[in-house]
Amino acid sequence: MKRRDFLKSLLALSIFAPVSRLLAKTVKKTASPAGKDAKVEKRTINGITVPLLGYGTMRLPRKVKGEPAIDYAKAEKLFARAMAAGVNYFDTAYFYHRGLSEKCVGDLLTRYPRESYILADKMPVRLLKTEADIERIWKEQLARCKTEYFDFYLLHALNGRSWKTAKRLKVYEFLKARQREGKIRYLGFSFHDKPEVLDEIAKSYKWDFAQIQLNYYDWTQYKSKEQYEILTKYNIPVIVMEPLRGGVLARLNDEARAIFKRADRDRSPASWAFRYVADLPNVLCILSGMTEMEHLEENIATFSTLKPLSAREKGVISGALAAYLKKGTVPCTDCRYCLPCPVGVAIPKIFAMYNGYKLSGDFARFEQQYSALPEEERAQECVSCMACVKKCPQSIAIPEEFKRIIKETAKAKKGACGNK
């Protein structure tokens, strides 16, 4: 068997083996914009009921590309459409848009009755130095969000290092006290690390839910399968972040998109990815950062007409993933946790340029974009200080990826010059 065929077979087995199908009514097979009266499906696990589609506010529309300031006019229209369709779960965090996401959520959602929307926020554990920091940030978040309580509250981005900090400063105990006071309805955590670390965290306290990165790419590549199974074992409902892996699974490459197109010309790659995650019975809510109205409309259509994946459709996803993996892109989700770089390298921007080149094959465009970067922001300026690696949720060996990109693109440039 050829390596490519073997990879396809392996993926077909590994990414679908444990997936249980949801019980759902037969619905029209489409991902076109939803009707104005469409409502997204809700899901109940352990007595918690929320819309299956949640609104992630890490990527709200910006006034200026690359800058944190939010376009309130666009965001207001998006939030209003989401609320009308039952997408009333809003997830924010202290870091998002450099602190402006919490304020925007507070400014826009307080126009609605408090009981009409579900608000989730997170304690930034990696910022904490003393126990006093916990209460200071907690009060700051309540003020930014203009609320007296959070429906869902998380310890943000736990890993081996931040978990030690959380235990030392008794973060859980502080938040559990707030839950007893009625300031938090459901207490959980978000996670970026190895499955064994997750197992330790999951069994250490009573958690109402947990938030992990999960999609059909990460099911094996990022060990999301093991993470999902650990949380299911401990009866902890799962909230999913990065179902499209920062938009990557909505774009893919030509070969992968063609596979989806042949299977169903009316369904987008994003819809396939969402349905994959929704097929997992312990998934309570799936967060999507919807920057444009067309994204929101398509997602409303997907989540208001859900049906389980068939065996044939699972094979389609497996084939599309195999086609995408051949391209060798960097698994960056543009979360920007790696920034600021101590020496000023534009880390996610460089990876986005490179991935665009790998997917399109357009080296001339990559060279033009890269040459437009100020010299101090280029990959060659990386000093391998490893500060970014410690903060990267994807555990990307960023300095090593830069070396690979420099070497590969230099070779491509030499070849392009030789062909002239």
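Bear in mind these aren't lab numbers, they're just calculated from the coordinates by the rules spelled out. Just so it is clear, the model here is predicted, and its values are computed rather than measured. For neighbour counting, all protein chains shown are included, and Cβ atoms are generated from backbone atoms with ideal geometry for every residue, glycine included.
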At 10 °C and 1.306 mPa s, what whole-number value in µm²/s does Stokes-Einstein give for the translational diffusion of region 235-320, with Rh from the Kirkwood sum over Cα pairs? 118
Region 347-418: Kirkwood hydrodynamic radius (Cα pairs, Å) comes out at 12.9
For a protection proxy built on the mean count of beta-carbon atoms within 10 angstrom, sort 128-136, 106-114, 265-273 highest first, please. 265-273, 106-114, 128-136
From phi via Karplus (6.51, -1.76, 1.60), per-residue ³J(HN,Hα) for region 129-142 in Hz, x at Gly/Pro: 10, 9, 5, 5, 4, 4, 5, 4, 5, 4, 5, 5, 5, 4
Region 230-255 and region 52-82: distance between their alpha carbon centers, rounded to Å: 21
Compare the peptides 386-393, 220-227, 364-371 by average per-residue count of other Cβ atoms within 10 angstrom and give them in order, highest first. 220-227, 386-393, 364-371
Expected vector for region 362-371, Karplus 3J(HN,Hα) from phi with 6.51, -1.76, 1.60 and θ = phi - 60°, integer Hz, x for Gly and Pro, equals 8, 5, 4, 5, 4, 4, 5, 5, 5, 5
Label assignment, Cα extents along the principal axes in Å derived from the structure, set (i) 71, 53, 44; (ii) 67, 59, 44; (iii) 85, 49, 46: (i)
Reachable lysines from Lys349, criterion Cα separation under 17 angstrom, eight or more residues apart if same chain: Lys65, Lys358, Lys391, Lys403
How big is region 79-174 by the Kirkwood estimate over distinct Cα pairs, in Å? 14.0
Based on alpha-carbon positions alone, could you give the equivalent ellipsoid semi-axes of region 110-240 from the gyration tensor, as √(5λ), descending, whole Å? 25, 18, 13
Could you tell me what fraction of 2.2 N^0.38 Å the Cα radius of gyration of region 267-420 comes to, as a two-decimal ratio? 1.27
